[in-house]
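Asker: What follows is a single structure, and I will ask about it in a moment.
The values are calculated or read from the model by the stated rules, or taken from the named source; none is laboratory data. Since we're looking at a predicted model, the values are computed, not measured. A quick note on method: Cβ atoms are made from the backbone with ideal geometry, for glycine too, and the neighbour counts reach across all protein chains shown.
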Ligand code: ADP
Ligand code: ZN
Ligand code: ZN
C-alpha cells in the first residue's frame, strides 16, 4: 500500500521529496497534481504531489509529514503535469521550480482557492444619476456613463477606457460605484460579422479544421495584414462550437488589448487573458477559469503556455518567430516549443502564424514535420511596399538622415500621409563623449558606454540598469564640452521636430510606453486623416493598424549585417519585413527606405528583390554549411562571479566532467561576448550536437554531476538549452 507521497517542492534541487500524507489521509487517496503544504528546512512550502510510493529511501524516523492537503481535486491536470515533467527534463531544470512557475503566484500559497468569477464595476443602485455633477468629458464621467447599461468586468474596461482605474477609485470614494463579481461572462449579443473570406483563407481554415481532434503542427505563413487573424477567428469559432477551448499566444502585452477587443467583438465566448501586466488576483482568477473549463479562449503572452486546459481544442501561436517566447532568465524555456509539446499531449492542432517564420520552423517544414499553409494576397487589394536602399557612403547626413530620406519624408507629409522612422536605440545618444580628450561615460560594472537620456538628465546602462547624473564637465580633463555621439530615438525625435516643425510627432519606445495600454493610447491619439511622424524602436514593428501610414524609414540596418551573433541576419530580415509590413496596410501603397553603408550586401539584395522566404532559404543554406541551428542543437553553460578565477575553475571542471562525449562538440571555456556585466565576470561553454538525441542523452548525468561539484557553489551558473542568444 502506498505509504509516502512524492512531492515536487519549489527549491533549486533536481529531485522530488518523500513525505507522509497529512494526518487522517491515505497517501493513495491523493491524486497527482494536488498541492500540499510541506515542512522544508525551517520553512513551509507549497509543493505539488507527483506520485506516491510504497516505501521511501529516507529513514522512516526522519520522514516528515505533509501538513495540509490544499486541493481535493488535482489543480494541475495529468497532461500539464506530464508536459511540465517533460520540460523539466528537456531544459534540465528542477521539477519543483518548473511546476511552481506554471502556477500563478496566488496559487503558490497556503490559501483557499479564490472564486473564478470576474471582478467588475457596478453603479450603486441607490444613486440617482440625475442631478449628479460629473464634469462632462472627464474620465470619471465617461466611466460612469459606460456603467449605465450594467456592470462591466475589469478586463472589459481595460479594452474600453484607458486609465479607468484612477477614475474608478474616485467614483468609489464618492459612493457612486462598487466592485462586484460577474459569473460567466455572457457573450455580447451583437457580434460583428467578419469580412467574407478569400479562397486561400477558406482553404487554410478547412485544412486545419480537418485536423481538429488530432495533433498537427501547421505553419500559417502570410505577410502582415494577409488575414491570418481572420483564419484564427474562424477556427476558434469551430473549436468553441465543438465545446472545446482555444489557447492563443501573442508575443507582447501591448498586443493583448487590441487582440482582446477584436476577439470579443467576434467570438461568442468567454475569453480570459493571462499576462504579466495583470494583478496577481486577476491572474489567479483567469487561470482558475481556464482550469475549471469556464473560459473558452485563453489569450496570453509567454507564460500563458502553462494555462490549464480541461477541454483543449486548438493552440495558436501568433508571430511564432518572436524572441519574447523564449524565457531568458531562471528556467529558460521556449513557449513556442512547449506549445508543440502540449499540443501533442492534448492531441490538438498547433497553428504557428508568422509573416517571417523562424528558421527553426522553416526547417521543420522542410523536413516534413510541419505542414505549411500560405496566405499570399492582401485582402482589399492593398499592395506590398516598394523597397529603396539609401546608400549612405560619402553622403552628408543631417541628424543621421540622408538628403534623399528627408525628401521622401517631406513628400509623404505633403500628401497628408504618415511616416514611421525606425531606430532600435532608445535614449538620446548611445555615447556621451568629451570633445577635448576623448573620454566617454561608461558603466563601471559592465565596461560599456552609458546611454544619455536627455529628457530625464540621466546616464543609464542598458545592460545592467545602473544610472547616474550627467556630469557637468569631463571628469578626466575638466573640459565642459561633452557631446552626444550617435543617435537614439529621443534625439531623432528632436531632429524630426526641427526638420518638420508643426507636424504631429510621436515617440514610441520603452520610455514612452511604460504605462499599461500606453502604446495603444499613443497610436490611438493620431488623427488617421492627417500627416504625422512616428519615431520609435522595434515596439513599432507590430500592433495597431495605421491605415494612413505609407512610408517606413529604417535609419540603420548595418548593425545586423556584420554581427558576431549568428542569428543577427535572421533577426534583421524579420525586423525589416515586420516594420515594412506597417506601411501600405490599407488601400494606399507603401514604401520602405533602408539606410545602409552596404547596399550590395546579399541579404539586403535578396530581401528587397525576392522577399523574406528567399532570404530565409539563403540563411538556411548558410546555417547548414556552418553546422549551426536549426541543423545543430546547442546548449550553453553560463557562469558568472565577482572574479574570473571561480568562473574559469567551474567551466574547466565542466569540461573535465564531460570527458569528450560522443557526437558532441565542446566550444570553450571562453569569455562571454559581453565578458563583464553588472560587476560580474562572465564565461561560457557551448555544447553543440548534430543530433538532438545525443545531446539530451548526455545532459542529465553531466548536469547532475556538475551540481555536485564544489566549484559550482562559487559561481552563479545556468544551462540554456536551445539558447537564442549566445551572450
Ligand atoms: P494578419 O493577422 O495576417 O495581420 P488580419 O487578419 O488582421 O491579418 O487582417 C488584416 C486586415 O484585413 C483586417 O482589417 C481584416 O479585417 C482584413 N481582412 C482580413 N481578411 C479579409 C478578407 N477576406 N476580406 C476583407 N478584409 C479582410
Ligand atoms: Zn575630457
Ligand atoms: Zn552596466
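Asker: Only one of 719, 699 is touching a helix residue (DSSP H, G or I) at 6+ places or on another chain (Cβ under 8 Å) and modelled with pLDDT of 95 or more; which? Can you show your working first?
Answerer: Details: 699 fails: touching a helix residue (DSSP H, G or I) at 6+ places or on another chain (Cβ under 8 Å).
None of the other options fit; the residue is 719.
Asker: Given the residues 420, 432, 459, which is the only one that is part of a strand (DSSP E or B), surrounded by 15 or more Cβ atoms within 10 Å (Cβ to Cβ), in contact (Cβ under 8 Å) with a residue 24 or more places away in the chain and within 14 Å of ligand 3 (Cβ to nearest atom)?
Answerer: Working: 420 fails: within 14 Å of ligand 3 (Cβ to nearest atom); 432 fails: within 14 Å of ligand 3 (Cβ to nearest atom).
Step by step, each of 420, 432, 459 is checked, and only 459 is part of a strand (DSSP E or B), surrounded by 15 or more Cβ atoms within 10 Å (Cβ to Cβ), in contact (Cβ under 8 Å) with a residue 24 or more places away in the chain and within 14 Å of ligand 3 (Cβ to nearest atom).
Every residue, every condition in (1) surrounded by 14 or more Cβ atoms within 10 Å (Cβ to Cβ); (2) modelled with pLDDT under 95, yes or no:
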residue	(1), (2)
373	yes, no
380	no, yes
384	yes, yes
405	yes, no
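Asker: Exactly one condition in (1) more than 30 Å from the chain's Cα centre (by Cα); (2) under 17 Å from residue 714 (Cα atoms) is not met by residue 658; state its number.
Answerer: (2)
Asker: When you check residue 468 against the structure, is it more than 29 Å from residue 680 (Cβ to Cβ), surrounded by fewer than 16 Cβ atoms within 10 Å (Cβ to Cβ) and more than 16 Å from ligand 1 (Cβ to nearest atom), yes or no?
Answerer: No: the conditions fail for residue 468.
Asker: I'm trying to understand the selection: among the residues of region 310-333, which are surrounded by fewer than 23 Cβ atoms within 10 Å (Cβ to Cβ), in contact (Cβ under 8 Å) with a residue 12 or more places away in the chain and closer than 24 Å to residue 571 by Cα?
Answerer: 318, 323, 324, 326, 327, 328, 330, 331, 332
Asker: Which residues, counting only those in region 12-55, are buried (at least 17 other Cβ atoms within 10 Å of the Cβ) and under 31 Å from the mean Cα position of the chain (by Cα)?
Answerer: 14, 16, 32, 33, 34, 35, 45, 46, 47, 48, 49, 50
Asker: Do we have residue 87 as under 23 Å from residue 294 (Cα atoms) and either part of a loop (DSSP other than H, G, I, E, B) or in contact (Cβ under 8 Å) with a residue 24 or more places away in the chain (or both) here?
Answerer: So residue 87 fails the test.
Asker: Limited to region 497-512, what total is found for residues that are under 15 Å from residue 426 (Cα atoms) and in contact with a strand residue (DSSP E or B) (Cβ under 9 Å, 6 or more places away or on another chain)?
Answerer: 6
Asker: From the list 420, 459, 409, exactly one residue is within 29 Å of the chain's Cα centre (by Cα), at pLDDT 95 or above and more than 16 Å from ligand 1 (Cβ to nearest atom). Which is it?
Answerer: Working: 420 fails: at pLDDT 95 or above; 409 fails: within 29 Å of the chain's Cα centre (by Cα).
Sole residue among the options that is within 29 Å of the chain's Cα centre (by Cα), at pLDDT 95 or above and more than 16 Å from ligand 1 (Cβ to nearest atom): 459.
Asker: In this structure, is residue 356 crowded, with 22+ Cβ neighbours inside 10 Å and assigned to a helix (DSSP H, G or I)?
Answerer: Numbers: crowded, with 22+ Cβ neighbours inside 10 Å: yes; assigned to a helix (DSSP H, G or I): no.
So residue 356 does not fit the description; no.
Asker: Now a separate question. I'm checking my understanding of the structure. Among residues of region 18-39 that are touching a helix residue (DSSP H, G or I) at 6+ places or on another chain (Cβ under 8 Å) and assigned to a strand (DSSP E or B), which one is nearest to residue 50 (Cα to Cα)?
Answerer: Residue satisfying both the conditions and the ranking: 35.
Asker: Looking at the structure I just gave you, is residue 468 free of Cβ contacts under 8 Å to residues at least 40 places away in the same chain, within 16 Å of ligand 2 (Cβ to nearest atom) and more than 21 Å from residue 388 (Cβ to Cβ)?
Answerer: Here the answer is no, as residue 468 does not meet what is asked.
Yes or no, residue by residue, for (1) more than 25 Å from the chain's Cα centre (by Cα); (2) within 30 Å of residue 375 (Cα to Cα):
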site	(1), (2)
505	yes, no
529	yes, yes
532	yes, no
570	no, yes
605	yes, yes
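Asker: If you don't mind, another one. So is residue 453 within 16 Å of ligand 3 (Cβ to nearest atom) and more than 23 Å from the chain's Cα centre (by Cα) or not?
Answerer: Yes, satisfied.
Asker: Moving on to the next point. Give region 713-723 a look and list any residue that's crowded, with 19+ Cβ neighbours inside 10 Å and not in a strand (DSSP E or B), or say none.
Answerer: The initial filter retains those residues of region 713-723 that are crowded, with 19+ Cβ neighbours inside 10 Å, namely 715, 717, 719-723.
Correct list: 715, 722, 723.
A quick yes/no check of all residues on (1) under 29 Å from residue 602 (Cβ atoms); (2) more than 16 Å from ligand 2 (Cβ to nearest atom):
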position: 401; (1), (2): yes, yes
position: 438; (1), (2): no, no
position: 450; (1), (2): no, no
position: 462; (1), (2): no, yes
position: 475; (1), (2): no, no
position: 479; (1), (2): no, no
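Asker: Another one. Does any residue of region 238-247 turn out to be under 24 Å from residue 155 (Cα atoms), within 15 Å of ligand 1 (Cβ to nearest atom) and at pLDDT 95 or above?
Answerer: No; the residues of region 238-247 include none that is under 24 Å from residue 155 (Cα atoms), within 15 Å of ligand 1 (Cβ to nearest atom) and at pLDDT 95 or above.
Asker: Right, next: When you scan region 506-515, do you find a residue that is at pLDDT below 95, within 16 Å of ligand 1 (Cβ to nearest atom), touching a helix residue (DSSP H, G or I) at 6+ places or on another chain (Cβ under 8 Å) and closer than 30 Å to residue 258 by Cβ, even just one?
Answerer: Within region 506-515 (the criterion being at pLDDT below 95, within 16 Å of ligand 1 (Cβ to nearest atom), touching a helix residue (DSSP H, G or I) at 6+ places or on another chain (Cβ under 8 Å) and closer than 30 Å to residue 258 by Cβ), the answer is no, since none of the residues qualifies.
Asker: Do you know which residues across region 277-301 are over 20 Å from residue 115 (Cα atoms) and surrounded by fewer than 24 Cβ atoms within 10 Å (Cβ to Cβ)?
Answerer: If the condition is that a residue be over 20 Å from residue 115 (Cα atoms) and surrounded by fewer than 24 Cβ atoms within 10 Å (Cβ to Cβ), then 277, 301 are the ones that fit.
Asker: Assess whether residue 233 counts as being under 24 Å from the mean Cα position of the chain (by Cα), within 15 Å of ligand 1 (Cβ to nearest atom) and free of Cβ contacts under 8 Å to residues at least 60 places away in the same chain.
Answerer: yes
Asker: Which condition number in (1) assigned to a loop (DSSP other than H, G, I, E, B); (2) over 24 Å from the mean Cα position of the chain (by Cα); (3) crowded, with 17+ Cβ neighbours inside 10 Å is the one that residue 111 fails?
Answerer: Unmet condition: (3).
Asker: Please determine, by comparing only the residues of region 439-449 that are more than 26 Å from the chain's Cα centre (by Cα) and assigned to a loop (DSSP other than H, G, I, E, B), which one is farthest from ligand 1 (Cβ to nearest atom).
Answerer: 439
Asker: From the set of residues in region 189-208 that are more than 7 Å from ligand 1 (Cβ to nearest atom) and surrounded by 17 or more Cβ atoms within 10 Å (Cβ to Cβ), which is nearest to residue 290 (Cα to Cα)?
Answerer: In this case the residue turns out to be 208.
Asker: Would you mind stating whether residue 194 is more than 16 Å from ligand 3 (Cβ to nearest atom), at pLDDT 85 or above and over 14 Å from residue 232 (Cα atoms)?
Answerer: Judged against the criteria, residue 194 is not a match.
Asker: Here's something else I'd like to know. Here's a check for you: in region 206-223, which residue that is over 26 Å from the mean Cα position of the chain (by Cα) and assigned to a helix (DSSP H, G or I) is nearest to residue 239 (Cα to Cα)?
Answerer: For region 206-223, the residue satisfying everything is 209.
Asker: For residues in region 471-482 being part of a loop (DSSP other than H, G, I, E, B), in contact (Cβ under 8 Å) with a residue 24 or more places away in the chain and over 13 Å from residue 453 (Cα atoms), which is nearest to ligand 3 (Cβ to nearest atom)? Break it down into steps so the answer makes sense when it comes.
Answerer: Looking only at region 471-482, we keep the residues that are part of a loop (DSSP other than H, G, I, E, B), and these are 471-481.
When the remaining residues are screened for being in contact (Cβ under 8 Å) with a residue 24 or more places away in the chain, the result is 471, 474-477, 479, 481.
Among the residues that remain, those that are also over 13 Å from residue 453 (Cα atoms) are: 474-477, 479, 481.
Details: 474: 20, 475: 17, 476: 19, 477: 24, 479: 25, 481: 25 Å.
That would be 475.
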